[in-house]
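Report on one structure; see the data block that follows.
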Amino acid sequence: VADEHIRRRASKIVALVLGVDPAIASTLAVDSSPEWDSLRHIEIILAVEDEFGVKVPEGLFRSMSSVDAITAQVVTLRASQ
Amino acid sequence: VNLSLPGSATDPFPPGDVPSDAVSDTAEASAAEAAMMRAEWQHVVFAAEPRRLALLELRAPWPLRPVRISVLRNHTVETSLSSLRGFLAYAGYVPEVVLSGYDDALSTAPVAAADVHLVWLDLSHYANAEIDGLWSWLADRVRFLRSALTGPIVVVDAGPALAGFERFNASLREAIDGLPDAHVFPLSAAVPPAVDGASVEERASSTGTALSGRDAVALCQHLGLCWIPALLQPRLKAIVLDLDNTVVGGVLAEDGAANVRTDGTYARLRERLLALHQEGVLLALVSKNDVRDVDGLFAQRPELEALRHALVAVEAGWQDKASSVRAIAARLHVGTDSLLIVDDNPGEIAAMASALPSARFLWAEDPGSTERALTLYPGLLELRHDAAASARMSDLQAAERRAAAAQTAIDPAAYVASLQVQIRLRADDHTDRTRLSELSRKTNQFNTSLARFGEVEVDDYLTRADRRVVSVRLRDRLSDSGLVGAVFARRDGGRVVIDEIAISCRALGRSLEPAMLAAALRGVAEGLDAQTLLVPFVAGPRNEPAHAWLAAFADSRQGGDDEYLLSTASLEARVPRLPIDIQWENGGG
């Protein structure tokens, strides 16, 4: 349930930053979505950080490439931080 | 919290609603609905650490005025400025941001057509530079930009991450001080205290900026709520306060004067209000209480004495609050659009917003959040010290004494003589630049063109040989009103065009306009060597008093247009035969 809650909020962040419908946000990924460019990616990471109270190490930036990947990283980071 | 009115949308952020640059984000709401929505937004926009997601979700149902912001930068600001939109929407604006390239040398040609020019450098790029050389170089670049641009310029200063940032900031401020409409934004004061080095972004190589995400949002909060509105709109003139559960904790009629709470966060709220009072914001009280109870409260609680002394008007009673607010606006000679009304009762806010749609409202949910909101509320920031502020306070008290004297006077000339009125005029006085711009930007009732001249445009009138600006000062035995009038003129062929006449509302109601303006207009005509003056009138929502005066004062109206003609010969005849001491102080006449 907690993971699903994180996933919904992550999906909302991606939708609002990219300006897309939340219903399709979870289907998007960095490499397959022209609107998900490098600047938007940083913006998504910063929004994830203050929404979930985590700090994303620079080395993980690239890995947060979809709503599913963001959800997984947030779960891991919350457990470790 | 949900303060939605019955029948209004409970979810203002429907799925799929995405940001847009449209002038209105959603269908326009009624004034009451908009006031309620703004109250709901307070948790987001005035938060100590605002959340990006919550900001992205905001959609304004009220009209938004476009503002074009040109950013001269050397780092990635896009990820920071995305949060600016929500703050600006609360203030009534929608941004159009134009970015320069990444330019450490600040050599990119600036975008001339912008409402605000933001110079925002990541100073970590100059880590090897001497501090004195760095501020000196930046000040030089700002001077160059000032000479090339007309809109206001805001330079973001150094944050704590820069070694020697305090000296850098102080020197930069000193170097820029005096440049027209150029301001230094205090980044170090805007960002919250660093927690575990949070202000240093060690991932700058990936984020493109040394500013942390948290600090970037704090910067946007101050820019969007305080700074950009302060650059674009007149300052609010008065705060109208509710009493119960707003200024004091509890309900006076139920708890009694001895038991309402005034300590802790209520004391800090009073300190904030008194600080605003010191900066020239008028304070007034509107309370649904028996006036004797309100008087009793102030008499019994000495800790409220300073606030009571600062209140220029108190309306207590059981009448509806909108009527009380209107009465206060009339007493203060200000429009209701110059008022911020602070009240803890959403129902009262909705009712007042319906009756007073141009007023601003702050929901006083608790004293701590109200105090914080009053540090950030759009329209309250004093960018430069307002020299007229203290004069405004004493003028209001003097106005009531004048009105009482005028009512009992039989001979108008004797009444005016008793006031010992002095009018002093100065032509092209550079030291008046800031106040002249304020008069142009702030006056609503007696303003002939609503030109809203910024300091750079005022400089044109002060310096060009074919232009002239007259400052009008007023004092009498009851008060020194200071610089209350401005006349902006330019020569056009064989005549003088009066681009704007602006008189502070504090100087109105004494029938002194003919004396002030006949002298000032004669001075500009002589100074610009012309015998005919043309005064175009541009109608606005509240400048009918200027129109009525002009129509009565001018010799004729030109064609069917709102342009009025005057001659120097007729100006002499229009000076009222009243015992008023009128003199030019710098020979400008």
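Okay, here's what the table says:
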quantity: Among the candidates B:213, B:159, B:178, B:164, residue that is open to solvent by less than 20 Å² (accessible area, probe 1.4 Å) and more than 14 Å from every other protein chain (Cβ to nearest Cβ); calculated: B:159
quantity: Number of the exception - residue B:533 against (1) open to solvent by 60 Å² or more (accessible area, probe 1.4 Å); (2) modelled with pLDDT of 90 or more; calculated: (1)
quantity: Some residue of the stretch B:291-302 being closer than 23 Å to residue B:267 by Cβ, open to solvent by 50 Å² or more (accessible area, probe 1.4 Å), assigned to a helix (DSSP H, G or I) and of a type in the set (D, E, K, R); calculated: yes
quantity: Filter result (assigned to a strand (DSSP E or B) and of a type in the set (A, V, I, L, M, F, W, C)) within the stretch B:468-482; calculated: B:469, B:470, B:472, B:474
quantity: Members of the stretch B:233-263 found to be small (Gly, Ala, Ser) and touching a residue at least 60 places away in the same chain (Cβ under 8 Å), listed by number; calculated: B:238, B:249
quantity: Output for the stretch A:1-25, where each listed residue is buried (at least 18 other Cβ atoms within 10 Å of the Cβ) and not in a helix (DSSP H, G or I); calculated: A:20
quantity: Residue that is touching a Ser or Thr at 6+ places or on another chain (Cβ under 8 Å), away from chain A (no Cβ under 14 Å) and closer than 29 Å to residue B:365 by Cβ, where the choices are B:61, B:95; calculated: B:61
quantity: Whichever residue in the stretch A:26-44 is among the charged types (D, E, K, R), open to solvent by 60 Å² or more (accessible area, probe 1.4 Å) and assigned to a helix (DSSP H, G or I) and, among such residues, is modelled with the highest pLDDT; calculated: A:40
quantity: First in the stretch A:23-44 and within 9 Å of another protein chain (Cβ to nearest Cβ), second anywhere and in a loop (DSSP other than H, G, I, E, B), Cβ under 6 Å, 6 or more apart; calculated: A:43/B:82
quantity: Top-ranked residue of the stretch B:197-208 - restricted to ones that are within 9 Å of chain A (Cβ to nearest Cβ) and modelled with pLDDT of 85 or more, ranked as surrounded by the most Cβ atoms within 10 Å (Cβ to Cβ); calculated: B:207
quantity: Those helices (runs of 4 or more DSSP H) lying entirely in the stretch B:113-215 with at least 3 residues under 26 Å from residue B:66 (Cα atoms); calculated: B:131-148
quantity: Matching helices (runs of 4 or more DSSP H) fully within the stretch B:505-589 where at least 1 residues are aromatic (Phe, Trp, Tyr); calculated: B:544-553
quantity: Pairs where the first residue, in the stretch B:43-54, is farther than 21 Å from residue A:45 by Cβ and more than 8 Å from chain A (Cβ to nearest Cβ) and the second is among the hydroxyl-bearing types (Ser, Thr, Tyr) and open to solvent by 30 Å² or more (accessible area, probe 1.4 Å), C-beta under 7 Å, 6+ apart; calculated: B:46/B:369
quantity: Residues satisfying the stated conditions in the stretch B:303-330, i.e. in contact with a strand residue (DSSP E or B) (Cβ under 7 Å, 6 or more places away or on another chain), under 28 Å from residue B:383 (Cβ atoms) and open to solvent by 10 Å² or more (accessible area, probe 1.4 Å); calculated: B:311, B:312
quantity: Any pair with Cβ under 9 angstrom, 6 or more apart, that starts in the stretch B:121-136 at a residue that is within 13 Å of residue B:165 (Cα to Cα) and ends at one that is of a type in the set (Lys, Arg); calculated: B:122/B:73; B:131/B:167; B:132/B:167; B:135/B:167
quantity: Any chance residue A:56 is under 22 Å from residue B:55 (Cα atoms), within 12 Å of chain B (Cβ to nearest Cβ) and open to solvent by less than 10 Å² (accessible area, probe 1.4 Å); calculated: yes
quantity: Residue tally, condition open to solvent by 40 Å² or more (accessible area, probe 1.4 Å) and of a type in the set (Ser, Thr, Tyr), over the stretch B:544-583; calculated: 1
quantity: Candidate set from the stretch B:46-97 (those that are outside any loop (DSSP other than H, G, I, E, B) and among the charged types (D, E, K, R)); member that is nearest to residue B:141 (Cα to Cα); calculated: B:73
quantity: Tally of residues being under 19 Å from residue B:54 (Cβ atoms) and either at the interface with another protein chain (Cβ under 10 Å from one of its Cβ atoms) or aliphatic (A, V, I, L, M) (or both) across the stretch A:1-19; calculated: 11
quantity: Subset of the stretch B:476-496 [on the phi < 0 side of the Ramachandran plot, buried (at least 19 other Cβ atoms within 10 Å of the Cβ) and touching a strand residue (DSSP E or B) at 6+ places or on another chain (Cβ under 8 Å)]; calculated: B:476, B:481, B:483, B:484, B:485, B:486, B:487, B:488, B:489, B:491, B:496
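The values are calculated or read from the model by the stated rules, or taken from the named source; none is laboratory data. Since the structure is predicted, the reported quantities are computational estimates derived from the model, not experimental observations. Glycine also receives a Cβ, built like all others from the backbone with ideal geometry; neighbour counts cover every protein chain displayed. What goes into the accessible areas is simple: the full protein's heavy atoms, side chains included, and nothing from ligands, DNA or RNA. Shrake-Rupley method; radii C 1.70, N 1.55, O 1.52, S 1.80 Å.
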